[in-house]
Structures are given as structure tokens and as C-alpha cells.
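I have placed the structure first, in the form of C-alpha cells, so that the comments after it can refer back to it.
The values are calculated or read from the model by the stated rules, or taken from the named source; none is laboratory data. Owing to the predicted nature of the structure, the values given are computational and were not obtained by experimental measurement. Cβ sites come from the backbone with ideal geometry, for glycine too, and all protein chains shown count toward neighbours. These accessible areas exclude ligands, DNA and RNA; they are computed on the full protein's heavy atoms, side chains included. Shrake-Rupley method; radii C 1.70, N 1.55, O 1.52, S 1.80 Å.
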Amino acid sequence: GGGYDAYAIQQKWQARWAESDPFRAGGDADTRPRKYVLGMFPYPSGDLHMGHAENYAYVDVVARFWRHRGYNVLNPIGWDSFGLPAENAAIQRGADPREWTYANIEKHKKSFREYGSSYDWSRILHTSDPEYYRWNQWLFQRLYERGLAYRKESPVNWCPNDQTVLANEQVVDGRCERCGAEVIKKKLTQWYFRITDYADRLLDDLNQLEGFWPQKVIRMQRNWIGRSVGADIDFEIEGREGRVTVFSTRPDTLHGATFFVVAPDSDLAAELAAGSTAEVRMRFQDYLERVQRETDIERQSTDRPKTGVFLDRWAINPINGERLPIWAADYVLADYGHGAVMAVPAHDQRDLDFARAFDLPVNVVVDTTAPITGSIPVIELDDDGVPIDPGTEASSLDEMDPARTGIALTGEGRMINSGPLDGLSKRNAISRIIEQLQAAGTGRAAKSYRLRDWLISRQRFWGTPIPVVHTEDGRIVLVPDEQLPLTLPDAAGLDLAPRGTSPLGGATEWMQAVDPETGEPALRDPDTMDTFVDSSWYFLRFFAPNDADEAFPTREANKWAPVDSYIGGVEHAILHLLYVRFITKVLFDMGEVDFTEPFSTLINQGMVLLGGTKMSKSKGNLVEFASSMVDPGADAVRVALVFAGPVEDDINWEDVSTTGAQKFLARAWRVANDVTSAPDVIWAEGDQALRRVTHRVLADVPALVEQTKFNVVVARLMELVNATRKTIDTGAGPADPAVREAAEATAMILDMFAPHTAEEMWEILGYKPFVGLVTWRTADPTLLVEDTVTAVVQIDGKVRATLEVPSRVDGATLERLARADDRVVRGLAGREIVRAVVRPPKVVSFTTR
Ligand code: ANZ
């Protein structure tokens, strides 16, 4: 009796779950196969919104699905609770970052409980707990011991007005995002993790993820790592001892080098200018100051005019002894390759633009009009499988003179003006010249990466203290393991405002330490770690979040991990995922885990937009999570979000129908109410048409879930509920066994999307809780036999063939079947089809020419 009361149902089942905690992962005694499902853990700001609701709905679909499939599922939750927002709240409102953080975490926990998320609540972690971050410190020490953590001085973006370091994203058009002051580069000594040592493995192992991670993410990671293959070539410089190395992807063009360019902000440029005339020194200094205000993105932009300064110094081409004038120009970056290039304007667009701007010679050394492999065109693929541009076919090389056209000849061709290389193709010329250089000791094969080492120092308070001391004589000594955790001091009394030096430096007492080796006084390191360190291994901490003896138990890790489904936003496609992959490989090398990739499959959901923009507090366009739990309620929010579209698509909250979801849930619930047969009814005796619908759904849904077509599953459930309603009202009636069977299947599948309503239905149907733990019913194959229909195939209006096809055949399949049929092939007699009209399941009509 009564209506569907979503909120009452929600509260009832949340209380039951809280009482019996049914979603804890099983321990060793549990012999079921395991699945590890993980949502990217949230940052505890106060603004949980529909974007979070979407993410955690998907996580729960997957976790609940695997439980129904008979797996022992681990689905934990934690908080990424260090970081800037807590500190900013502290600065703006005088709140203690710790109190602010933990108060927000409590709010989140309440919201997730209200959402009915099936977490293992016994495994909570917060990265800002000393019990957690001591293991960040442990990790830091292991990296340090392996030479993977080091300090170096490097330029950072610095706002002279705010006196703070800025992340690249905080620099807009060369200015501070906050105050508009011109940002300068300042050198600071900071800690780095040597992720570049793992560049090849991080790149090569992406191949294993192909098909399991979104293609887009794999591509973004490949680009970020950015491996280029080529050669290092050593040049002598007149009037200078030693050699200078450049990296080139086109060593084959060495004979075509006409000048040499160094990054203005490199040590080499400063040295060469210092050894030049007073006038050069002055012009260089002016230029350098200007370049220091530019971002790397501006410097790499191809459409701004080229600028530079001639240093009045000369490099010697190792292959032919030619003198090349040396320029400092901003299009060469200090921290890529070796910060210097041999410029080949005929075959490199940037070099050509520069040569034309400063009137430098252009020497063509590749004839791109010459065929490379005889008359048969061959498409060569590069390392990423992208076809290499075979070059434009033009009648003569003269017409294509780059000095005149302004277009560099970057395509394939045959070497000319290159002595012994003449006539060779690019590939052959590259190997040949590398051999030559190698023999002469002036070059070698080399690779270069766009990937930089990971800067982990933050001049901030709310993070993991770096576990080293600095001795008076300038040594760095690790804080011994038994003294960890090195905890943060109290925030009270510290000035947390950003000044470019860490607030911890102001904690005078805290800063005092002793050198563990000598007992002499020493100072602590005032920096804290980037919060990406915290999230780089957290998936392992869930195996024993309270373990005081180790970061994580290896045995458990090897049983559960890698994570089977990692679910979160595409905004983490690069950095977070790269860092976790890196740390996983380090832990593998340490023997701590027996796998090399952390996440077997990755699911990226799109964003939830409001008014066309991403929901965020700062834009004031939030639909709050907490309030929506009362109205329209958790189940309606979940169903509406999942049904709104494919996982990876962005959705507009305006288009999300929670009312539609509520109606559907009420319908499903009413079906369960209407069932009048007893739980022990014999299904086989029920209405066969409805049974076929039920069993089709049971058979199809697992594959749909595995393909993350969650919205399609909801649609199928809606169909099932409608079919059941029809049988109740106008068919065999509510006592028919097939109605009960359909209602039970509905409850079990609905559990993935609307667990409260599903539990309620299950109880109404006469069962004990929990439907969330019920194993999937196998579809009866005899009910899956497809109905077939006869389709006709016409060619130019004449029936040429009939085909037996499944009644649910789609248009593309039907057309394919028709084209492949012998009688159709004969009927076409080689004529070309110019038009195909396909009306599944019964008609295909071809028009020919
Ligand atoms: C000579 C040459 C001739 C080049 C040619 C290209 C074409 P990717 O593919 O991005 O790795 N280069 C090297 N170091 C650089 C730096 N620090 N800043 C700017 N450019 C740099 O690019 C590698 C190529 O970029 C290298 O190959 C070098 O120019 C340039 F027909 O050497 B090349």
C-alpha cells in the first residue's frame, strides 16, 4: 500500500547497511576471484556537486556489478586531503587548515553514505593523517637512496608582487593570474623525482594498456613523454675548449646546417656572450631579459616573428669543418635536448623562418622530388603509427626553393649536396651519418624526451614535510625511519601567506634538528611535497590503511592489484596517471609489488555542465550534492545521471531528468508491489514472451556493463519494467510466474543504479537483504533463440535474394549480409552500387550504375 516514498526507502536501507556493513571486501577465507574497483579519491573541499555524483555513481555501478557476478570486490574510499585549498581557506578566513579539512571530510562521508555508495567503510584513509604521510616520507627516502630524488637549482615562475612561485597554469600571458604583475623566472633549489629515468618504460608500457584505457589518454601520455629518436652531434666552438652537443632528429641533414642556435637562457649562451664583444654582451643582456618574461608556449609558437641576437662566435660543423655563426634565439628552449641546435633552414620550418628574418643562407640537402623507393609508393609509419609525409610531388626542386617559397622541405626524398650520403633515402642517410660520426667520435645515436623530471618541492604548509635535515657543513641527511613520521607543527602562529619561502621556515623550534650521524645541530627542510606524491601510491594503502609497520602489505597488493577499474575525470589524464605509473614501476623495481602498471582499465567520465560550463564553486554554478540527496533523492540522481548519456560525454545538468528517473523508479517499485505469486513459484510455467525479454536482458547486460554502456543498461531496464507492466495489466496478470521472475531480475540489475529502491523491491518480493549481494541469474539459452524474419534484397527494383536474419538486426549488419550474399554478388555482375536503402529488418534495396 501507499506510494513510492524515495526518501523513506533511502533512509531505511542506509540504516540497514550501516548496521551490517555488507560491502566489506572478503579476506583470505573468501575464495571468490577478486576485483578491485576504485574511484579517483576526492579532494575535501566543501563543494561536492553533480560532477562528483556522476563519478561516484559510475564507481558504484561497476562495484555492484562485479559483486553480482560473484566476485570478492574491494571498493574503498579515501581523501586527498593535503593541498592548497585548505591553506587558502586558512589565509582568507583564518581557519586552521587541519580543522577545515577534517570538517569537510566529515561532510563528504555523510554525503557518500546518503548516496548509498557501497564502500568498504573499514578502509578509510586521509592523506593528511600522519599515519598516511609518514609513508610518503618512507617513499621519498627509498627514492633518495636509489638516486631518484635529488635537488637542483632551476628556474621557477615567480611573481615579484605576490612574492610567490606560480604553477605554469597560474601564468596567463606572462602575467600573474592573481595580481597581473609580470612574471619572471627565478632560480630556486628544489627537490625533483627522476621520472625521466623511466621515460622509455612509461612510454613502451602504454602498449599494454591499448584497448583498456581511453585512446585519448594513451595519446596524451605519449605526447607528454614525447620521445624523439635521432642523434647527439658534437660541435667545437672557435676560441673555446671542449665540445657542445646538440640533439637532432635529422642528423641526415648535417651537410645542410648553415648556422647554430643556443637558448638565450642557457649557461652556454651566457658563457659565449661573456667571451664576445662589449656590444654583443649588452645586446644579449637586453634580449635575455625579454626572453625571461616569455612562457615556453609563447616561445614555441610558430606564428610570431623570429627574434635573436648574433653572438659573434662560430661553431665548426664536425662533418665538413664549415664555420657556422652562433645565434641566441628564444625558439630554442634551454631544457630540451641540450639547449642548442644545428640549424638546417632548408628542412626545418623554424630554422627557415629564422634564416629568412636574418638573411642567413639556406642549403638544400634533400631532394624531396626524387622518389624514395622506385616507382611504387610506400607509406612509411613513424613510431606512433602515423604515416610519414611522403613529400609533395612537384616538377622541379627549383620551384620549391625554400629560401624563396618560405616553405621548408620536410618530406622524404634523396640526399644531395651531402658528399658520401648523396642518393640515400632519409632512413639510410641517418644510419650512415651516425656510423660516420661515431667512428669520428663526434656523435652517436640518441633519444630525447619532452618529459621533465617531477618537481616535488612546494613552499607551502599543508603538505608532507620532506624527511631530511641540512647539516651545518652543507650535507643532506635522511631522517632515520624510526623517527618518522616527521609531523607538521601547529599552524597557529605561522604566517601561511605565500612568500616564496615555505611557512615552515617560520616554525623556529620545529626547524631545529640534529644531524642523525653526528649529533650536531642541523636544520629541517622547510618545503613540503607536491600532493601528487600522496596520490601516486594511495591505491596500495587501502590494503591495510592502518598498518603502522609498512606502507602496504606486498602480499595483499599482489592479490588485489592492479586496480581492475579506475574511474575518474579526464583532467587527470596526464600528471596524476603518469606519476602513479612511475611510482608503481619504482615499487616494482624495489620488489614491493609484482606488477608494473597500476590500473588495468581506466574509465574517464565526461563533465557535468551547468549553463554550458563546468560546475564549480568559483563560477557559482553548483548543484549541490548534499541537498539533492533529499530531493530528488539519491536513487533518482544516480539513475538520471547515468541515463543522461554515454560515460565519456559531457552532460548538461539542464538536460538531466530527475523527474523521469523518479517516475521510472516508482514504476519499478510498483511492479514489485503488484506481484502476487510466492517466491517459490515455478518460472518455467510463466508467460514465455515476457520471459524472453527478461532473459535477453540478463544475457545482454554483463557485456554492456563491461563496455561501460551504462546508459544502455538503464534503457533496457526501462523496457523490461514496461514489458512487465503490460503483462500485469493486459496479459497473463500479476500472478503469472514470469512477472515475478521479471521483477526479481529488475531488482537485481537495478541495484547497480538505484540500490535503495532495489533493496526495497527485493524485500517486497519476499526475500531477505541484501539484493546487493545476490549472484547474477544465468539466462536460459532456450529463451535466447532469436526470432528470425525474411529480408528481401532488391537490385534496381528486382528481388534478387531473400535472407533469414535476426528480427533485431541493425541496418549496417543487414547491409553487410546482403552485400556478402552469393546471389546478390551474381546479380550485381560487377556493377557498382551507387545507392543503398536499408530498412531493417526486412528490406535492402541497391541501385547500380
Ligand atoms: C636539425 C634539424 C634539421 C632538425 C631538420 C629538425 C629538422 P622534436 O621532434 O620535437 O624532438 N631542437 C633540438 N633541441 C631543441 C631545443 N632545445 N629547442 C628547440 N628546438 C630544438 O625536435 C627535435 C628537433 O628540434 C631537433 O632536430 C632540432 O632541430 C630541434 F631538417 O636538428 B633538428
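Going from most exposed to least, what order do Trp510, Trp191 have by accessible area with a 1.4 Å probe? Spell out each step's value before the answer.
On the way: Trp510 35, Trp191 5 Å².
Most to least solvent-accessible, the answer reads Trp510, Trp191.
Probe of 1.4 angstrom, ligands and nucleic acids ignored: what's the accessible area per residue over segment 282-371, in square angstrom? Kindly include the intermediate steps, with their values, before the conclusion.
Details: 4030 Å² over 90 residues.
Dividing the accessible area of segment 282-371 by its residue count gives 45 Å².
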Leading residue at positive end of dipole, segment 730-778 (Cβ point charges), from Ala732, Thr775, Leu765 | Thr775
Sorted by accessible surface (1.4 Å probe, heavy atoms of the protein chains only), largest first, Thr277, Thr730, Thr31 come out as Thr31, Thr730, Thr277
When each of Lys663/Lys768; Lys35/Lys726; Lys186/Lys619; Lys35/Lys216 is checked by Cα-Cα distance, pairs over 29 Å | Lys35/Lys726; Lys186/Lys619
Label Ser228 and Glu182 with points 7 Å out from Cα along Cα→Cβ: what is the distance between them in nm?
-> 2.9
Want the number for Asp30 to Ser301: 0.36 nm per residue separation, take away the alpha-carbon distance, what's left?
-> 91.8 nm
Per 10 Å bin from zero, what fraction in whole % of the C-alpha pairs of segment 422-571 is there, up to the bin with the longest pair?
-> 9, 23, 23, 17, 15, 11, 3, 0
Considering only Ala89, Ala63, His49, whose Cα is most displaced toward the positive end of the charge dipole of segment 43-102, charges sitting on Cβ of Lys, Arg (+1) and Asp, Glu (-1)?
-> Ala63
Figure the gain on full extension for Asp200 and Thr508 (residue separation times 0.36 nm, minus the Cα-Cα span) and round it to one decimal in nm.
-> 106.5 nm
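May I have the convex hull volume per residue, in Å³, for the Cα set of segment 14-68?
On the way: hull volume 6.8 nm³, N = 55.
In segment 14-68, the Cα hull volume divided by residue count equals 124 Å³.
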How large are Rg and Dmax for segment 414-482 when only the alpha carbon atoms are used, in Å?
-> 24.9, 67
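At 222 nm, what helix-only mean residue ellipticity would the chain give, in deg cm²/dmol to the nearest 500, using -39500 (n - 2.57) for each DSSP H run of four or more? The partial results should precede the final answer.
Values: 28 runs with 302 residues, N = 849.
Using -39500 (n - 2.57) per qualifying helix, the result is -10500 deg cm²/dmol.
Computed from the mean reciprocal separation of all distinct C-alpha pairs, what Kirkwood hydrodynamic radius does the chain have, in Å? All intermediate terms of the calculation are to be shown ahead of the outcome.
Numbers: mean 1/r = 0.0314 Å⁻¹.
Value: 31.9 Å, from the Cα pair sum.
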Considering amide H positions built from the backbone, and no H for Pro or chain starts, which residues 5 or more places from Asn652, or on another chain, come under 5 Å of its amide H?
-> Leu609
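For the chain, what is the charge dipole size about the Cα centre, in debye to the nearest 20, if Lys and Arg each add +1 at the Cβ and Asp and Glu each add -1 at the Cβ?
On the way: 94 positive and 124 negative charges, 467 e Å.
Once rounded to the nearest 20, the dipole reads 2240 debye.
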Please give every one of the aspartates and glutamates within straight-line cross-link reach of Lys187, meaning a C-alpha to C-alpha distance under 12 Å, and leave out same-chain neighbours fewer than 8 residues apart.
-> Glu153, Asp265
Putting +1 on Lys and Arg Cβ atoms and -1 on Asp and Glu Cβ atoms, find which of Leu288, Asn317, Ala274 reaches farthest to the positive end of the dipole of segment 190-325.
-> Leu288
Top to bottom by accessible area (1.4 Å), largest first, where do Thr596, Thr487 land?
-> Thr487, Thr596
Between 0 and 90°, nearest 10: helix 84-93 axis offset from the chain longest Cα axis = 90
Please work out the Cα center distance from segment 211-227 to segment 528-567, rounded to the nearest Å.
-> 24
When the accessible area of the chain is computed with all protein chains present and a 1.4 Å probe, what percentage of it is carbon and sulfur?
-> 50
Across 10 Å bins from 0, what is the distribution of all Cα-Cα pair distances for segment 722-849, in whole percents?
-> 11, 27, 18, 16, 17, 9, 1
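So, with +1 on the Cβ of K and R and -1 on the Cβ of D and E, and no other charges, what is the size of the charge dipole of segment 492-618 about its Cα centre, to the nearest 20 debye?
Details: 9 positive and 19 negative charges, 165 e Å.
Approximately 800 debye in magnitude.
So how strong a dipole does segment 81-127 carry about its Cα centre when Lys and Arg Cβ are +1 and Asp and Glu Cβ are -1, to the nearest 20 debye? Walk me through the numbers on the way to the answer.
Numbers: 7 positive and 6 negative charges, 24 e Å.
Dipole about the Cα centre, nearest 20: 120 debye.
Give me the 1.4 Å probe accessible area per residue for segment 705-753, excluding ligands and nucleic acids, in Å². Spell out each step's value before the answer.
Values: 1470 Å² over 49 residues.
Dividing the accessible area of segment 705-753 by its residue count gives 30 Å².
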Keeping all protein chains in position, work out how much accessible area Arg475 exposes to a 1.4 Å probe, and write it in Å² to the nearest 10.
-> 80
Could you calculate the FRET efficiency of Leu784 with Glu106 from 1/(1 + (r/R0)^6), where r is the beta carbon distance between them and R0 is 45 Å, rounded to 0.05?
-> 0.35
Heavy-atom accessible area of Cys179 with all protein chains present, probe 1.4 Å, nearest 10 Å²?
-> 50
Report, to the nearest 10°, how far helix 575-589 tilts away from the longest principal axis of the Cα atoms in the chain, using its own Cα long axis and a range of 0 to 90°.
-> 80
One point scatterer per Cα, no solvent, Debye formula: log10 I(q)/I(0) for segment 782-826 at q = 0.27, 0.33 Å⁻¹ comes out as -1.00, -1.24
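Assuming 0.36 nm per residue, please report the length gained on full extension of the stretch Gln285 to Arg113 beyond their Cα-Cα distance.
On the way: separation 172, 0.36 × 172 = 61.92 nm, distance 6.14 nm.
The Gln285-Arg113 span can extend by a further 55.8 nm.
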Projected area averaged over all directions for the convex hull of the alpha carbon atoms of segment 296-353, nm², comes out at 4.5
How many Å² of accessible area per residue for segment 1-115, probe 1.4 Å?
-> 37
Roughly what would the spin-label model give for Glu648 and Ala689, points 7 Å off Cα along C-beta, in nm?
-> 3.9
Tilt relative to the chain, helix 97-115 - C-alpha long axis, 0 to 90 degrees, to 10 = 30
